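The values are calculated or read from the model by the stated rules, or taken from the named source; none is laboratory data. Predicted model only: the values in this text are computed from it and were never measured. Glycine also receives a Cβ, built like all others from the backbone with ideal geometry; neighbour counts cover every protein chain displayed. For the accessible areas, the whole protein counts, side chains as well, though only heavy atoms, and no ligand, DNA or RNA atoms are used. Shrake-Rupley method; radii C 1.70, N 1.55, O 1.52, S 1.80 Å.
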Amino acid sequence: MIAAIGNSEYLGRRVAPLLREINRSDDPLILGTDHPREARSAEGPERIRIADRATVLANRNIETVYVSSATGRHFDDCRAVLAAGKHVLVEKPVCLTAAETRGLDQLARAVDRTVFECLSYPHHPSWTEFVARVRDEEWTDQVAVSAVFRIPQRDPADFRRHPRHGGAAADLGTYCVDALVRLGAVAEDLDIGKVSSADPDLDADSDSDGGAARTSRRIDGRIFTYTGSWAIGEGYTNSVVVEDPHRRTELLRAFSPPLDAPGRVAERRPGQAEPRIVETCEPANATRACLSAGMTHLRDPTTAGLVDFPAILRRVAALETII
């Protein structure tokens, strides 16, 4: 059986019904939280049974725990779940420092359990189609790759704005850096800062919480320049773009594809006033696909530790420099 601890907005909006689906039971999902009055779920109260965290961790019938606490608590919560002998599904980022990441992997291996980070976007078929199209293109010798994720201002009390929980770098920067690395950037080479003088949209004097990452490398004789940009308080932008002087290929709504909506890849060539949709992927629920992948790893008796540990460690280490 799977239960949850913490109480993120994402859990209530997207994940809780899917965890009940994984359980294949009409019983309520057990949610362990220290703040029961704040518990919320799209499922309604009849579908959620509130308990404290200690009760969830002590329940021998619970084999897996979904960690949905504020980011700065992920490490302690994941460690507690592993110490209780249970597998972990955890919202991204799994934790905030390289030391914590190594520690969780070592602990999970020591108790023969698995930790899976729930970063949903690459599990959507639109991401697969976009990457395949990018790799099949005959790009020129100068290629720009950009990943941008910006959201409007959040309430100052939102955990994403608190330094303890990593701010925009942990929340939005995780997406951008992850996408750049999946498209060929080397995480260790990224120059990451809270603002970038090359990006006029990030104003150091504004109330926004933003950052940027940049690197370049030669691949098969071509120079690829990678740029990531993220901010809380800068309007809404959400896309990944690969372009050269002859074409611009973009994955729309790359990091939060609408629920059960088709993904769309757009392309613009010189002389075109507007981009045209060149690929429409099948509708999909990225969260369901991500959880399904996670459960496959957790059910594999040969898997232990943090899944994709080397890649996650490099990404966390890169972002740690500004968290």
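Rank these by accessible area, largest first, 1.4 Å probe: Glu320, Glu267.
Order by accessible area, largest first: Glu320, Glu267.
Using the basic label-point model (7 angstrom from Cα toward the beta carbon), what is the Thr128 to Thr280 distance in nanometres?
2.0 nm
Rounded to the nearest 500, what is the 222 nm mean residue ellipticity of the chain from helices alone, with -39500 (n - 2.57) per DSSP H run of 4+ residues and division by all residues?
It comes out at -8000 deg cm²/dmol, rounded to the nearest 500.
Hey, what angle do you get for helix 309-320 against the long axis of the chain, alpha-carbon based, 0 to 90 degrees rounded to 10?
Compared with the principal axis, the helix lies near 70 degrees.
For Ala273 and Gln153, calculate 0.36 nm times their separation in residues minus their Cα-Cα distance, and state this gained length in nm to one decimal.
Using 0.36 nm per residue and subtracting the Cα-Cα distance, I get 40.1 nm.
Rounded to the nearest percent, how much of the accessible area of segment 110-157 (1.4 Å probe, protein heavy atoms only) is carbon and sulfur?
The nonpolar share, carbon plus sulfur, comes to 48 percent.
Ignoring ligands, DNA and RNA, please state the percent of accessible area on segment 182-323 from carbon and sulfur, probe 1.4 Å.
Roughly 47 percent, rounded to a whole number.
Give the percent of DSSP beta bridges with both residues in the chain that are antiparallel, rounded to the nearest 5.
Percent antiparallel among DSSP bridges in the chain is about 55.
Say each of Glu137 and Asp112 gets a label point 7 Å from the Cα, pointing the same way as Cα to Cβ; how far apart are those two points in nm?
4.8 nm
Can you list the residues, at least 5 places off or on another chain, whose amide H is less than 5 Å from the amide H of Leu29, using H built in the peptide plane?
Ile48, Arg49
Under the definition of Cα pairs under 8 Å and six or more residues apart, what whole-number percent is the relative contact order of the chain?
Relative contact order comes out at 19 percent.
Under the rule of at least 5 residues apart or a separate chain, name every residue whose amide H is placed under 5 Å from the amide H of Gln153.
Under 5 Å from the amide H of Gln153 lie the amide H atoms of Gly233, Glu234, Gly235, each far enough along the sequence or on another chain.
With a 1.4 Å probe and all protein chains kept in place, how much accessible area does Glu234 have, in Å² rounded to the nearest 10?
50 Å²
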